Amino acid sequence: MLQFQSKLLAPTLKEVPSDAEVASHRLMLRAGMIRKVAAGIYTYMPLGWRVINKVATIVREEMDRAGAQEILMPAVIPSHLWKESGRWDEYGPELLRLVDRKGSDFCVGPTHEEVVTTLVRDNVQSYKSLPLNLYQVQTKFRDEVRPRFGLMRGREFIMKDAYSFDLDEEAATKSYEKMFAAYQRIFQRCGLDFKPVEADTGAIGGKRSHEFQVMAETGEDTIVVCDDCGYAANVELAEIAAPRVDDNASQVMGSRAYEEVYTGEATSCIEVADRLGVATRRVLKSMLFIANAGEDDSFVVMALTFGDEDVNEIKLRKAVDARAIRLASDDEVLKLGLTPGVIGPVLCPEGIRVVADQSLQGARDLICGANRKEAHFAHVHVSEHFVAEFKDLRAARAGDACGRCGGTLSEKRGIEVGHVFFLGNKYSKAMNVTVLDPNGKAKELVMGCYGIGVGRTAAAAIEQHHDDFGISWPWNIAPYQVHVLAIGKDEEVLNEAQRIAETLEKEGYDILLDDRGERPGVKFKDADLIGCPLRISVGSRGLKEGKVEVKTRRMTKDEAMDVNLDAIVANVNKLANTLRP
């Protein structure tokens, strides 16, 4: 139905709150698309809600096309389901926990693996019902410690989450690949420049995952891409090629005993390097972690890197095959016979697993903690004065060698809008989800999990498509495709603008008609701010010549076209074809 802007609740703003740091947050507030209710919680205004619904429609169409079935699960979930999976205690403070009047514990769902797994466990008994993929589009809540960036990182948000169930890993892999392809179609239809990258499974768990990153300079995430083979991954997971170890150089240098040196109160790598007058890279960074392989199975890991680098905890957790990992406290360090601030791998107590970054292979003449106050060891040679496992432990960065082909990695900024996980039997095993296989035997189901941030996708589109004047929406998710502006208060102009709008509406276009009694400059500025892909300006001067101005949002004023009234539809159709993805 034709929307008259005079009746539209879309109050535009000249000024925005100081906490609106990124373009999407500023522009959605200024364009009257969202309004803040509380930290990280927003009301979607009519224009913003139309965008959200258009993204959700594309998501639904592609989910249905891929064979998924839509359901709707409750937003509030009883604690016993989360306790059954083991996540009630694992998930952390982001889980908003509630107690009802009877004293029962609940949470507001940030994700729905437990609910959907229970649903399938109670209602699917045979392999004949598989493969099964269930999805929903629903409001979620995660109690972010610092909600920011508007819809990019809110506490309450709209998400599509889907869950696949298969009889074995081969079938589950096909389901994963089908969802992967569906996600590519979704973001292509949304008009986004995106890249799927390998990623960590995080709190969701599982064996394999990919993030779908929208390329934008304002993105929170750093990803690395190999310019040679196309490999892409989050920096926390990206594989770095192991450096070549020059054995001949080691032999030429010869062996030398390490010696203890006084370092006073210096404990950090930078402080020790300054004290001894050496480069920070010469100081060995040693960090002690407590790793958990299971509920009652923990072990101690000493992780090593050069002093100017950092241990990436995600890579370390994977390298030692732990479910969780955390830094050891000072009390735990002391109980192990080590001294906080000056720990090191030389003369390390038995029972501590020493894992060094692969770049340390063959490294010589280093300085490390001596496990005694105010003391370090100098002239330490890796593999000669201590034994370690060598793993890829640090986050990738531009210039590193690709772990797949040896090519050079480059850095890009991205916004995560979707994530697919190959869960395996993590939840089906914990929650005893089985079906009878063709031989009549009970078999655990293999699962996948697939999420898309609907509001986040809209915000990411703005980050990628805006200029100094406002938003420039991609065609398929714009609140309205064509914005018709009646320039001036002349009744003939308004009538002709309405006639054009109604004609285009009959052609299947979404139309916003600016019939307000505002000055032309106000209308043009608001049109740029709202960002509809096509604009038609109807003015008295042009009508005298039988013409109107037609332009795309991305055209400059000089590129605008004067079009005859009888050629409007043909010209709009032609321009629309250039704007569709």
**Asked** Quick check: is even one residue across the stretch 140-148 of a type outside the set (Gly, Ala, Ser), crowded, with 18+ Cβ neighbours inside 10 Å and in a strand (DSSP E or B)?
**Response** yes
**Single condition residue 157 does not satisfy, out of (1) part of a strand (DSSP E or B); (2) within 22 Å of residue 433 (Cα to Cα); (3) under 19 Å from the mean Cα position of the chain (by Cα)** = (2)
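Somewhere in the stretch 85-106, is a residue in contact (Cβ under 8 Å) with a residue 40 or more places away in the chain, more than 18 Å from residue 164 (Cβ to Cβ) and hydrophobic (A, V, I, L, M, F, W, C)?
Yes, the conditions are met somewhere in the stretch 85-106.
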**Message:** Looking at the stretch 493-514 only, could you name the residues that are in contact with a helix residue (DSSP H, G or I) (Cβ under 8 Å, 6 or more places away or on another chain) and over 20 Å from residue 48 (Cα atoms)?
**Reply:** 493, 496, 500, 503, 504, 507
**Item:** Search result, residues across the stretch 1-37 that are touching a residue at least 40 places away in the same chain (Cβ under 8 Å) and assigned to a strand (DSSP E or B)
**Value:** 3, 4, 34
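For residue 419, are the conditions met, namely being buried (at least 19 other Cβ atoms within 10 Å of the Cβ) and under 27 Å from the mean Cα position of the chain (by Cα)?
yes
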**Item:** Test result for residue 470, on the phi > 0 side of the Ramachandran plot and free of Cβ contacts under 8 Å to residues at least 40 places away in the same chain
**Value:** no
**Item:** Extreme residue, surrounded by the fewest Cβ atoms within 10 Å (Cβ to Cβ), among residues of the stretch 319-334 that are assigned to a helix (DSSP H, G or I) and either within 25 Å of the chain's Cα centre (by Cα) or of a type in the set (Val, Ile, Thr) (or both)
**Value:** 333
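Residues checked against (1) surrounded by fewer than 19 Cβ atoms within 10 Å (Cβ to Cβ); (2) part of a loop (DSSP other than H, G, I, E, B); (3) basic (Lys, Arg):
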{"position": "486", "(1), (2), (3)": "no, no, no"}
{"position": "496", "(1), (2), (3)": "no, no, no"}
{"position": "499", "(1), (2), (3)": "yes, no, yes"}
{"position": "516", "(1), (2), (3)": "yes, yes, yes"}
{"position": "521", "(1), (2), (3)": "yes, no, no"}
{"position": "524", "(1), (2), (3)": "yes, no, no"}
{"position": "542", "(1), (2), (3)": "yes, no, no"}
{"position": "550", "(1), (2), (3)": "no, no, no"}
**Asked** From the set of residues in the stretch 265-284 that are out of contact with any helix residue (DSSP H, G or I) (no Cβ under 7 Å at 6 or more places or on another chain), part of a helix (DSSP H, G or I) and charged (D, E, K, R), which is surrounded by the fewest Cβ atoms within 10 Å (Cβ to Cβ)?
**Response** 274
**Prompt:** Does the stretch 428-479 hold any residues that are more than 14 Å from residue 27 (Cβ to Cβ), assigned to a loop (DSSP other than H, G, I, E, B) and not assigned by TED's automatic domain parsing to the domain that holds residue 69, and which are they?
**Reply:** 474
**Request:** Return the total of residues in the stretch 390-412 being farther than 13 Å from residue 357 by Cβ, touching a Leu at 6+ places or on another chain (Cβ under 9 Å) and acidic (Asp, Glu).
**Result:** 0
**Asked** If you take the residues in the stretch 376-396 that are crowded, with 16+ Cβ neighbours inside 10 Å and of a type in the set (D, E, K, R), which one is nearest to residue 262 (Cα to Cα)?
**Response** 394
**Complete:** When residue 528 is run through (1) surrounded by fewer than 17 Cβ atoms within 10 Å (Cβ to Cβ); (2) in a helix (DSSP H, G or I), the failure sits at (1)
**Prompt:** Of the residues 337, 399, which is surrounded by fewer than 17 Cβ atoms within 10 Å (Cβ to Cβ), outside the structural domain of residue 281 (by TED's automatic domain parsing), in a loop (DSSP other than H, G, I, E, B) and among the small types (Gly, Ala, Ser)?
**Reply:** 399
**Item:** Hey, residue 130 crowded, with 17+ Cβ neighbours inside 10 Å and in contact (Cβ under 8 Å) with a residue 12 or more places away in the chain or not
**Value:** yes
**Fill in**
Those residues of the stretch 501-514 that are buried (at least 19 other Cβ atoms within 10 Å of the Cβ) and within 18 Å of residue 542 (Cβ to Cβ) come to a total of 4
**Asked** Which is of a type in the set (A, V, I, L, M, F, W, C), touching a strand residue (DSSP E or B) at 6+ places or on another chain (Cβ under 7 Å) and in a loop (DSSP other than H, G, I, E, B), of 405, 368?
**Response** 405
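The values are calculated or read from the model by the stated rules, or taken from the named source; none is laboratory data. Keep in mind that what you see is a predicted model, and the values were worked out from it rather than measured. A quick note on method: Cβ atoms are made from the backbone with ideal geometry, for glycine too, and the neighbour counts reach across all protein chains shown.
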